[in-house]
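This report concerns only the one structure given below.
The values are calculated or read from the model by the stated rules, or taken from the named source; none is laboratory data. Remember, predicted model here, so these are calculated numbers, not experimental data. Cβ: placed from backbone, ideal geometry, glycine included. Neighbour counts: every protein chain shown.
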Amino acid sequence: MSTFIIVFALNLWILENPHRVDLTAERVYSPDEKAIAILNALKEPITITFFYDARSRMMQDAKYLLTQYSQISPFITFNSYDPALEPSVAEKYQVKFAGSAIFQTKDRKILVNKPNETEFLNAIIRVASDAMGTVCFSDGHVESNPLSLQSHDHYENQAHGHDHASGGKLLLLHERHGMGMARNALEVLGYSVEQRQLTRQSNSLEQCSLVVVASPQTAFSEKERVQLENFSEEGGALLLLLEPGVTTGLEPMLAARGIAISKARVIDPERYYWTDKATPAISDYERHRITRNLPMTFFPGVAELSPLPRTKNTINATTPLAFTSSSGVLELSSSSEGKRRALAVLASNADKHGNMVVVGDGDFATNSFYGAVGNSQFFLNIVSELLAHENLVNLSPRNYQVATLRLTNNQMQIVFFMTTVLGPLCLMLIGLLIWRSRR
């Protein structure tokens, strides 16, 4: 009898104090470290009102997650209602369906209709963040379009003008071959994103906090280059995503920063992505805030960035951020000697000049590859560093994707040998031993 009473009391306590053990690989039912960091960084009250269907397990999970948020941060006030049981409250907030959540501060309000952690966390970032600045993408030189759709048609191929490792050849860009995913992530983090043409007026970059030049395929005029230089001299930040073999007209500006860019692509026969040796897979980083805890990144068709000898006209020092393996070589080079080659460089601040990051490839941040491995995190870390928003480094919106297995070429060869060669040989050997033993 006493055992029954204890079990009954324990069940009542669990009903009033729900707890769970999250055994999922991605811990999708628990706030991760990034979410906790964002919640702990809140400085103003946020009221979350969630309308849910008590019969839905998914909405019960969403309610529990928001309850966890309110327990983590004292600035979050959480209320939940069933619109079927309390229709007057739903009418007050003009909510029609269960699954809607309203995030509200003193002067901002966001409605979310998808009850999952990705949407909740992104809504908190957006409602709690003042405008963090304007990220301007240059336009007019066949750059990757930040206003593109956020998917990519992989049926395109070189015959249709699409080749990720083209070495800087002019590309016929498909509407979906742009930077829509990168733009969306920037907007979620509180940045405004715009396109600017530098030929319209002398102050085309006014109000821009950061200018991104994303894989230009035609050269900037001298007037446009001067605008970028003036923007940098006034303290503006620049992110140049360039391509090998393309004359951009920005070479004098790079030289002034002590950077030279190769015309040829970098080939890394030791460490590359999938089966393309012209797509170096990078896990060798310089110790820096940008690369802190950064997983592998890869760059389809990338140029080498080399430091130039320091002169009296060089306005700042450079810091390489990402390197190939020691086997990196330049395509079609007469020298076969490999070495570590820099693919991304930070030109650090000097005097009043703004910081600049140069990457020898822009495809890594396009919709095709943005969500793969650490590419998105690398892009967002660069933006956060250039805009001195160091608290956002390593904080990127969570995106749930279908689990995929990404292997290097060496790993693929090992898997092939184990499954296609060694496995059948072992079975044949076992069969032979059994046959011999029964003779």
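Summary of values
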{"item": "Positions within the stretch 374-395 being outside any helix (DSSP H, G or I) and at pLDDT below 65, in sequence order", "result": "389, 393, 394, 395"}
{"item": "Pairs, first small (Gly, Ala, Ser) in the stretch 34-63, second in a helix (DSSP H, G or I), C-beta under 6 Å, six or more apart", "result": "35/121"}
{"item": "Selected residue [of a type in the set (Lys, Arg) and at pLDDT 85 or above] from 439, 406, 398, 340", "result": "340"}
{"item": "Condition check for residue 211: assigned to a strand (DSSP E or B), surrounded by fewer than 22 Cβ atoms within 10 Å (Cβ to Cβ), of a type outside the set (Phe, Trp, Tyr) and in the same structural domain as residue 366 (by TED's automatic domain parsing)", "result": "no"}
{"item": "The lone exception for residue 238 - which of (1) under 27 Å from the mean Cα position of the chain (by Cα); (2) at pLDDT below 95 it fails", "result": "(2)"}
{"item": "Neighbours by Cβ (under 6 Å, 6+ apart or cross-chain): first from the stretch 108-137, over 10 Å from residue 189 (Cα atoms) and without any contact (Cβ under 8 Å) to a residue 24 or more places away in the chain; second buried (at least 16 other Cβ atoms within 10 Å of the Cβ) and of a type in the set (A, V, I, L, M, F, W, C)", "result": "108/127; 110/103; 110/123; 110/127; 111/102; 112/101; 112/123; 119/112"}
{"item": "Pair list, Cβ under 8 Å, 6 or more apart: the stretch 359-380 residue touching a residue at least 40 places away in the same chain (Cβ under 8 Å) and not assigned by TED's automatic domain parsing to the domain that holds residue 182, other residue assigned to a helix (DSSP H, G or I) and surrounded by fewer than 22 Cβ atoms within 10 Å (Cβ to Cβ)", "result": "none"}
{"item": "Positions within the stretch 218-230 being farther than 13 Å from residue 257 by Cβ and either within 26 Å of the chain's Cα centre (by Cα) or of a type in the set (Ser, Thr, Tyr) (or both), in sequence order", "result": "218, 221"}
{"item": "Number of the exception - residue 200 against (1) within 26 Å of residue 125 (Cα to Cα); (2) among the basic types (Lys, Arg); (3) assigned to a loop (DSSP other than H, G, I, E, B)", "result": "(1)"}
{"item": "Checklist (1) touching a helix residue (DSSP H, G or I) at 6+ places or on another chain (Cβ under 9 Å); (2) at pLDDT 80 or above; (3) in a loop (DSSP other than H, G, I, E, B) applied to residue 361, failing item", "result": "(1)"}
{"item": "Residue in the stretch 315-326 that is at pLDDT 95 or above, part of a loop (DSSP other than H, G, I, E, B) and either closer than 22 Å to residue 214 by Cα or hydrophobic (A, V, I, L, M, F, W, C) (or both) present", "result": "yes"}
{"item": "Hits in the stretch 230-268 (condition: assigned to a helix (DSSP H, G or I), within 14 Å of residue 211 (Cα to Cα) and either in contact with a helix residue (DSSP H, G or I) (Cβ under 9 Å, 6 or more places away or on another chain) or charged (D, E, K, R) (or both))", "result": "232, 233"}
